[in-house]
């Protein structure tokens, strides 16, 4: 350890560290523009210059790359330092008068109007982009080119880079927003779609899967993380102050002996693009109910605003299509049991958000099975102006004009006429299917599945949660379509059955 | 080629070479340095070879193409040995006469000799020409005697004897001590004591050490390193090997500009020859010391001459300086201890070894020992490379060696130290030149550029010129240097174009102070020097430009106008005919008038107006008088 003083404050520091690191660790602020904890110090912006007294000699040095030494005295804001920084900022503001970061920094040093010839650049040539590309990504798709007045950030030969992998680290690290990926590569960066937001938003390669995740810690998506793909990057490691990043963690298989097993593997959503006539994935403004849920959620990607995919406009005429894949001889024969109610809720919510919005629900049969469910439907019709149309639409097409409005083609069953309705957006209430993991578990436990891939319950009447094997119980959607209250009831039942079973064993 | 295995064998070889050479045999040497090459020495060489053959003298006369002699103003230079007869500005047509008269008949051709401008006497011998007479050519002197492509020529003059001496008689520590004792300071610009640098590098932790020759000379108008490397590459190599031995390095680099093709060629040949003779490679002269050297060609960036930038470039990266808080002698190329010295510094080392540190200390001033090669250019009569002992005054260099100012003009200032040096005004003409005095005067030694300026030089424009160079040659890495120089250049451009404002001088000083203290490398730290030193000595010129919109030297075009004095104009039609844009009206018997709107200020009329009339005047800071109305008829005076 080395002893030094910064602005009169005695501090200890590890040998080999730089003044800036030590100052920051001691909550002493030194301005910089070209420093990044994940990169080697560069010493180009010179803003972090401090005045040191070393072996009796006063000197101006850049704190980002001056190694600490025993007895060093550092002044981060001496008169000479402040004066120099002010001039540097005045020069930078003349170069980049419209960059907010520079404006703010200059202002904090009392510089608002430079006395120099003004330019209009966005790039301060801090080199963070080129350095991160070289040092961390290991690609060097961009670098400095030219020198002196001609210096700029560029790709070799000023043409689109072939080696750029479009990771966007340069854009991410640029403090002034000067880097545009389209200038560097003709590759379109593909966002990592957020599973939780049903693909409407994107997420980073390191992320918390969803707000209620247990345990609530970030995970690294190894399939897209640059480090796991190329061995480079490791920027998160430098950014995490807690030092929590661990690239070596592996999935672990823990073997435990148990007395009873309760299966509760839940459901997945049926892929609506397989119901080809509804055009999901082709007709731009056809979305799924799950996407709609994320959109209307205040914590979702649009913060509760309905924005249709084609142009971001708020749809004022909304169609919900029921039984997309359910009760369909080509897909799933069973009724998914919850869609009538969630579509009704969603239509009501839309109207609550936008009182002028009109919602139409195209249904096969109204299955409002449950206490006061029918009254809920009635309220939707009366108070929220939801229109129920008894029909299974035959197809959905797109009006190429009119902002790509979807057109719902259907038979008005009450009058037996074929007709169509142009709406702003369509929500598909797709079928629910047993979760993909149910199959694996059933194989592992030698349990059989029924025709619809649900866990087989031999005696549904008297033992509604008992599987074929004693001591193994199943509850919730993995054994049959049901809503949340029913699943909770079954869960309690399964717990009781398991307790009963284990006490008998003893 | 026989490999030389010991100092004794080297001595034997040298004796062998000398015994084959008759000192009385006629030898024609022709300067083939870059400057003479540009003046046509290649054609001269061809005609010498042809003429020797033609006159049947091939067996009796030697011909040698040497490196730069230094007197580039008067090239191509031919010296006839053993007499030392020196002919200047030789063309191929002079050759038959030289061969038949001087070689055969031993007659001196008067018209090809140097004429002393003061006494008007013809001077026969090179050594008597004032340009040479007043120099002390220790390092540069051999250039004119040897063919740089011939290691035998170098050996004949005692070459590699210093290397033989250190390898056989001196342990590395003793070499270090000798160099330290000599007080040799780096010739590249900084003037850091060479011995101390070597010692720090030797003591730096690590197994691998590098030694580097900095031949990335980039100052406009400076070419001493070029000429030395071109003309006497072995002297640089010998110094480098000695240094490597003292430092404990086994690998060296010569970083030379790609734009110096002769230097690259000659040093490549020299390395090959030295390798064949066993003066490079494994077990040099049987001493057990190994050393190899590679040539790295630089891509022409001025900033790559800065040591850390050069090392970055050597690593194959863009030549940009890096912080030197940890010195390059400890962490240089590839983070290994690296000792970099300038061409001239390395070439001085063999002399110190051969003649001793005490001898070397006897030359020069208290703080700066030895000699220094300057590139004397600008408005001086004898431009060229001059080597003088440290401490010689500017007056001696400019007037005794340089032959004074051209066209009888008045000396105004001299710019030393390259673009980031400073100007020294006339009042310091008796300043003894050494590292410390130049720094005290607000300039620096730099690598030894010396640009002489006469009274027709505008100092604001000079500052602008150098800043323009630096703005383009700054690497652009750090903000103070890149943005600071650019904005100072903007201000200077405004001043020279008549847009100067009150407060500009103060703003220049403010920026300069910051650039000096906050820049990353020495290039940035010294970049404000042209501004600061011209402000220090010629502040009134700045004030005249800004306040009166007047350029006292009549250089800044936007601030001057050309005017024909109607009292003096004799309507001779010369300027009228010569004006490239037809801006002059008039005719026979009609006083000429310049149309100010058309005039491009090309200076032609001023130059062509017969001196006996001197009717064309340059005005600055004052309005151009309206053309005379009625007096369009010429008044002929007797």
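The values are calculated or read from the model by the stated rules, or taken from the named source; none is laboratory data. Nothing here was measured: the structure is a model prediction, and the numbers come from that model. Virtual Cβ from ideal backbone geometry, glycine too; neighbours counted across all protein chains shown.
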Candidates A:88, A:30, filtered to the one that is away from every other protein chain (no Cβ under 13 Å), buried (at least 16 other Cβ atoms within 10 Å of the Cβ) and touching a helix residue (DSSP H, G or I) at 6+ places or on another chain (Cβ under 6 Å) | A:30
Considering only strands (runs of 3 or more DSSP E) wholly within segment B:190-298, the ones with at least 3 residues that are under 26 Å from residue B:378 (Cβ atoms), out of contact with any helix residue (DSSP H, G or I) (no Cβ under 6 Å at 6 or more places or on another chain) and free of Cβ contacts under 8 Å to residues at least 24 places away in the same chain are none
Would you check which residues across segment A:33-49 are over 17 Å from residue A:14 (Cα atoms) and away from every other protein chain (no Cβ under 11 Å) and list them?
-> A:35, A:36, A:38, A:39
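Here is a yes/no grid of residues against (1) crowded, with 17+ Cβ neighbours inside 10 Å; (2) within 14 Å of chain A (Cβ to nearest Cβ); (3) part of a strand (DSSP E or B):
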{"site": "B:320", "(1), (2), (3)": "yes, yes, no"}
{"site": "B:325", "(1), (2), (3)": "no, yes, no"}
{"site": "B:329", "(1), (2), (3)": "yes, no, no"}
{"site": "B:341", "(1), (2), (3)": "yes, no, yes"}
{"site": "B:344", "(1), (2), (3)": "yes, no, no"}
{"site": "B:360", "(1), (2), (3)": "yes, no, no"}
Which numbered condition trips up residue A:463, out of (1) touching a helix residue (DSSP H, G or I) at 6+ places or on another chain (Cβ under 9 Å); (2) surrounded by 16 or more Cβ atoms within 10 Å (Cβ to Cβ); (3) within 29 Å of residue A:373 (Cα to Cα)?
-> (2)
Which members of segment A:349-376 meet the condition of being without any contact (Cβ under 8 Å) to a residue 40 or more places away in the chain, in contact with a helix residue (DSSP H, G or I) (Cβ under 6 Å, 6 or more places away or on another chain) and crowded, with 18+ Cβ neighbours inside 10 Å?
-> A:367
Mind listing whichever residues of segment A:187-198 are within 19 Å of residue A:167 (Cα to Cα) and part of a loop (DSSP other than H, G, I, E, B)?
-> A:187, A:188, A:189, A:190, A:191, A:192, A:194
For segment A:114-124, enumerate the residues that are within 13 Å of chain B (Cβ to nearest Cβ), out of contact with any strand residue (DSSP E or B) (no Cβ under 8 Å at 6 or more places or on another chain) and either in a helix (DSSP H, G or I) or free of Cβ contacts under 8 Å to residues at least 60 places away in the same chain (or both).
-> A:114, A:115, A:116, A:117, A:118, A:119, A:121
Which residue pairs have Cβ atoms closer than 7 Å, lie 6 or more positions apart in sequence or on different chains, and pair a first residue in segment B:453-471 that is within 13 Å of another protein chain (Cβ to nearest Cβ) with a second residue that is surrounded by fewer than 24 Cβ atoms within 10 Å (Cβ to Cβ) and in a loop (DSSP other than H, G, I, E, B)?
-> B:469/B:220
Take segment A:453-487 and flag every residue that is assigned to a helix (DSSP H, G or I) and within 15 Å of residue A:267 (Cβ to Cβ).
-> A:476, A:477, A:478, A:484, A:486, A:487
Given the structure, is residue B:101 assigned to a loop (DSSP other than H, G, I, E, B) and either without any contact (Cβ under 8 Å) to a residue 60 or more places away in the chain or surrounded by 21 or more Cβ atoms within 10 Å (Cβ to Cβ) (or both)?
-> no
Residues satisfying the stated conditions in segment A:125-155, i.e. free of Cβ contacts under 8 Å to residues at least 60 places away in the same chain, within 12 Å of chain B (Cβ to nearest Cβ) and part of a loop (DSSP other than H, G, I, E, B) | A:140, A:146, A:147, A:151
Candidate set: segment B:472-482, residues that are within 17 Å of residue A:48 (Cβ to Cβ) and touching a residue at least 40 places away in the same chain (Cβ under 8 Å); chosen: the one farthest from the other protein chains (Cβ to nearest Cβ) | B:481
Got a number for residues in segment B:299-318 being at negative phi and outside any helix (DSSP H, G or I)?
-> 6
For segment B:31-43, does any single residue satisfy the condition of being closer than 27 Å to residue B:236 by Cα, outside the structural domain of residue B:233 (by TED's automatic domain parsing), in a strand (DSSP E or B) and modelled with pLDDT of 90 or more?
-> yes
For segment B:302-317, name all the residues that are crowded, with 18+ Cβ neighbours inside 10 Å and either away from chain A (no Cβ under 14 Å) or more than 30 Å from residue B:273 (Cβ to Cβ) (or both).
-> B:302, B:303, B:306, B:307, B:308, B:309, B:310, B:311, B:312, B:314
Provide a single number: the residues in segment B:587-612 that are modelled with pLDDT of 90 or more, closer than 15 Å to residue B:566 by Cα, out of contact with any helix residue (DSSP H, G or I) (no Cβ under 8 Å at 6 or more places or on another chain) and not in a helix (DSSP H, G or I).
-> 3
Specify which of the listed residues (B:485, B:505) is more than 30 Å from residue B:192 (Cβ to Cβ) and either modelled with pLDDT of 95 or more or within 14 Å of chain A (Cβ to nearest Cβ) (or both).
-> B:505
So which of B:448, B:498 ends up being within 18 Å of residue B:533 (Cβ to Cβ), in contact (Cβ under 8 Å) with a residue 60 or more places away in the chain and more than 14 Å from chain A (Cβ to nearest Cβ)?
-> B:448
Just wondering, is there one or more residues in segment B:276-299 that are within 14 Å of another protein chain (Cβ to nearest Cβ) and under 24 Å from the mean Cα position of the chain (by Cα)?
-> yes
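Residues in segment B:380-395: is at least one part of a helix (DSSP H, G or I) and not assigned by TED's automatic domain parsing to the domain that holds residue B:185? Let's see the steps before the verdict.
Filtering segment B:380-395 for residues part of a helix (DSSP H, G or I) gives B:394-395.
When the remaining residues are screened for being not assigned by TED's automatic domain parsing to the domain that holds residue B:185, the result is B:394-395.
Yes - at least one qualifying residue is present in segment B:380-395.
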